[in-house]
Structure formats: C-alpha cells, structure tokens
Amino acid sequence: MSRWPDSRILDLLAIDLPILQAPMAGATGSAMAIAVSEAGGLGSLPCAMLGPEQIRQELQAFRQASRGPLNLNFFCHTPPPDDPARIARWKAALRPYYEEVGADFEAPTPVSSRAPFDDSACALVEEYKPEVVSFHFGLPQPRLLARVKATGARVLSSATTVSEALWLEQHGCDAIIAMGYEAGGHRGMFLSEDLNSQVGTLALVPQIADAVRVPVIAAGGIGDARGIAAAFVLGAAAVQLGTAYLFCPEAKVSAMHRRALHTARESDTALTNLFTGRPARGICNRIMRELGPMSELAPAFPLAGGALMPIRALSEPAGNSDFSNLWSGQALRLGIERPAAELTRTLAEQALTILGR
C-alpha cells in the first residue's frame, strides 16, 4: 500500500515516488533522467532541441543505464510564417549590442529553431516505446497523438489555466501538469496569449483538480518538501520539479547560468519573450532590463533567438550572460547542490514526514 495520500500517478506511470523531473531543453539530458529514474521518480528527456539521431543516442544511453520508465518530451507548436520585416526590426533594435561586442550586423541573420513533434519524432516513439510522452504548448495533430497512444505510452501535457486542462482531458491526456505562474522556462499556454490569464500554482492546482477527472501534477514554485506536501493537500497526485534539479551536478547548465542560480535574489526572475518569442521565466539580466522583458518587436516563437546568436557567440565564451537566457522559476533560492538521485529520495521522504505518512 502506498504511503502517499494519492497514488494515481504512481500507478499510472509505474513509478515509486510521485516526483517528475521537468524536461528542460538544453539543461538536462540522459544523465539527469537516469539519476531520477533510478531513484524512483520519472526521468525526462527534452527533445525539442535535438535531431532524430541525438534523440536516439540519448534514448539508448538511458535504456543501457536504467530499467525505469522514461518520459520523452516534445514541443507541439505551429511554426510561424516567414516575416522578414519583423525580423529586420528586431535585429535593428539589437544593433547597439552587435556594435558593442563586435558582431557583424550585415551578415545574414541565423535561424533559431525548435522542432515541433512530427512524423519523424513519432516514428522514434513507435520504435522505442517510452512509457510516457509529454507535450508542451498543447497536443500534436490528432493523427500523431493516436499513433503515440497506440504504443501504450501515457500522455501528459501542461495546462496553465482550467480551460486548457479541460481541453487536454477532452483530447486524450492521461494526466495534466498544472503549470503555475511561478514556473521557470517556457509557459505552456496554448489557448490564449494573454499573460493576464496566467494563474499561480496555489490557486491553479485545486481548481484544475476540481475540474478534471484525470490526475493532476503540480508544477511551478515547488522547490522543497514543503511545496511537495502542499501540492498533495491542494489535490495534486504528483509534482514536477525543474529549477530544483538545475542545482544538481547532472544539469547541463553553463557556468554563468549556474552562477546566476546561486546569486540571484528570490525576486530576480521575470517572464520574457526576448530569447525565443514566447513568454518564458528566467533570471533577469541586462538585455531584459534595457529592452524590457516583454517586447512587441520580438519575432514569433522560435525565431526571436536568431538575431541574438551572433551576440551570444561572442559574449558567452567570456562568461558574459548579458544576452543569454537563464531559465529559472521563482523558487530558485530553495535550490540545494545535491546529486539528482539523492535529491529525489530526500525530498520524497521529507514530504512524507510533513504529510504525517
């Protein structure tokens, strides 16, 4: 018998601990997923920034090291139409930074891309049959989703409002990640672009739990055992942790990102669209302060990052994070440097103690 007050996610995903590692693209890979899986949680591989061969390599590394279940995570956005004029206006706004670092402003603007879930990615799911497949920005096309579900994979996706949670349930999600406003990285919003619609975790989780029949996974601002226990009290059956795992040695964050995580104050994060074109929470830096974290000039996701690439290529090797995304949630000051497996087990035990289990 489970010691947890709600065992639906444990049963659904065949895991021992109701802790999911957030699939943070660029910041985590197979090493993190293996550690969390071996500890009894759900390890996740973020695939949005990987090509098919890279996904295959990461999958094989995981399967060789762990027998636990695995979550493959994909973005399912619709690529935007070409808009050269908007890209040119955005690049013009960045011109002073080009001149400052010595980047060639007249050179062709690089293309920033994030691959949405497509037939080739679906074929990998069919080949490797991960136990869980999760999506960000809604769900893929019905024909692709049907193929995923035919493999036997459990399907998860993020909801930032009750309306999104109801939509996801109606369209076949087995569980819903309730992504509070505090969460780091890209907002999973997909039914609205209005940031005023976004709700904090404390208010979002119980309202989604009351509205849907499938189990709810709380995410956003949960950085220690107190947050995990609170999520269960609010009606969640599990939690998804992101920023907490960025402090682990298995995280693939840069030295400057790790330094920012350790030195930023609890109020030093903001939602910004400067780096990709979609709202995402990160630690405030110079470009966010000078241009404002949200800019109407920034091209649609994922194109905004292209014009920043030449600047970052010259600034980042020198340890300068003025123009780099430093994704983080609001609970960063709760972060502890600890191996991912140990962190997973410790937080679970501490949460059970708080819950009196």
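Among the residues making up the stretch 190-223, those that are of a type outside the set (V, I, T), in contact with a strand residue (DSSP E or B) (Cβ under 8 Å, 6 or more places away or on another chain) and over 18 Å from A22 (Cβ atoms) are L195, A209. Of the set (1) open to solvent by 20 Å² or more (accessible area, probe 1.4 Å); (2) closer than 25 Å to E349 by Cα, all apply to A61 but (2).
Put simply, of R147, R143 the only residue that is open to solvent by 50 Å² or more (accessible area, probe 1.4 Å) and more than 29 Å from P18 (Cβ to Cβ) is R143. Residues that are modelled with pLDDT under 95 and open to solvent by less than 40 Å² (accessible area, probe 1.4 Å) within the stretch 315-357 comprise just one, G319. With the structure loaded, tell me whether G200 is closer than 16 Å to F137 by Cα and not β-branched (V, I, T) or whether it fails that test. So G200 does not fit the description; no. Taking the stretch 200-210 as the range and being open to solvent by less than 40 Å² (accessible area, probe 1.4 Å) and out of contact with any Phe, Trp or Tyr (no Cβ under 6 Å at 6 or more places or on another chain) as the test, the residues that pass are T201, L204, V205, P206, I208, A209. Pick from S295, S267: which is open to solvent by 50 Å² or more (accessible area, probe 1.4 Å) and either at pLDDT 95 or above or out of contact with any helix residue (DSSP H, G or I) (no Cβ under 6 Å at 6 or more places or on another chain) (or both)? None of the others qualify; the one that does is S267. Just checking, does the stretch 270-290 include any residue being out of contact with any helix residue (DSSP H, G or I) (no Cβ under 7 Å at 6 or more places or on another chain), assigned to a strand (DSSP E or B), farther than 30 Å from D6 by Cα and not aromatic (F, W, Y)? Yes, because at least one residue in the stretch 270-290 is out of contact with any helix residue (DSSP H, G or I) (no Cβ under 7 Å at 6 or more places or on another chain), assigned to a strand (DSSP E or B), farther than 30 Å from D6 by Cα and not aromatic (F, W, Y). On the basis of being touching a helix residue (DSSP H, G or I) at 6+ places or on another chain (Cβ under 8 Å), of a type outside the set (G, A, S) and in a helix (DSSP H, G or I), does L314 make the cut? It is true that L314 is touching a helix residue (DSSP H, G or I) at 6+ places or on another chain (Cβ under 8 Å), of a type outside the set (G, A, S) and in a helix (DSSP H, G or I).
Applying the criterion of at least 3 residues that are in contact (Cβ under 8 Å) with a residue 40 or more places away in the chain to the helices (runs of 4 or more DSSP H) found wholly in the stretch 87-151 leaves 95-101, 119-128. The test for being open to solvent by less than 10 Å² (accessible area, probe 1.4 Å), within 25 Å of D82 (Cα to Cα), assigned to a helix (DSSP H, G or I) and modelled with pLDDT of 95 or more holds for A304. Per this entry, A238 is counted among residues that are open to solvent by less than 10 Å² (accessible area, probe 1.4 Å) and closer than 26 Å to A33 by Cβ.
The values are calculated or read from the model by the stated rules, or taken from the named source; none is laboratory data. Since the model is a prediction, treat every value here as computed from it, not as a measurement. Please note: Cβ atoms are built from the backbone with ideal geometry, for glycine as well, and neighbour counts cover all protein chains shown. Just the protein is used for accessible areas: all its heavy atoms, side chains included, with ligands, DNA and RNA removed. Shrake-Rupley method; radii C 1.70, N 1.55, O 1.52, S 1.80 Å.
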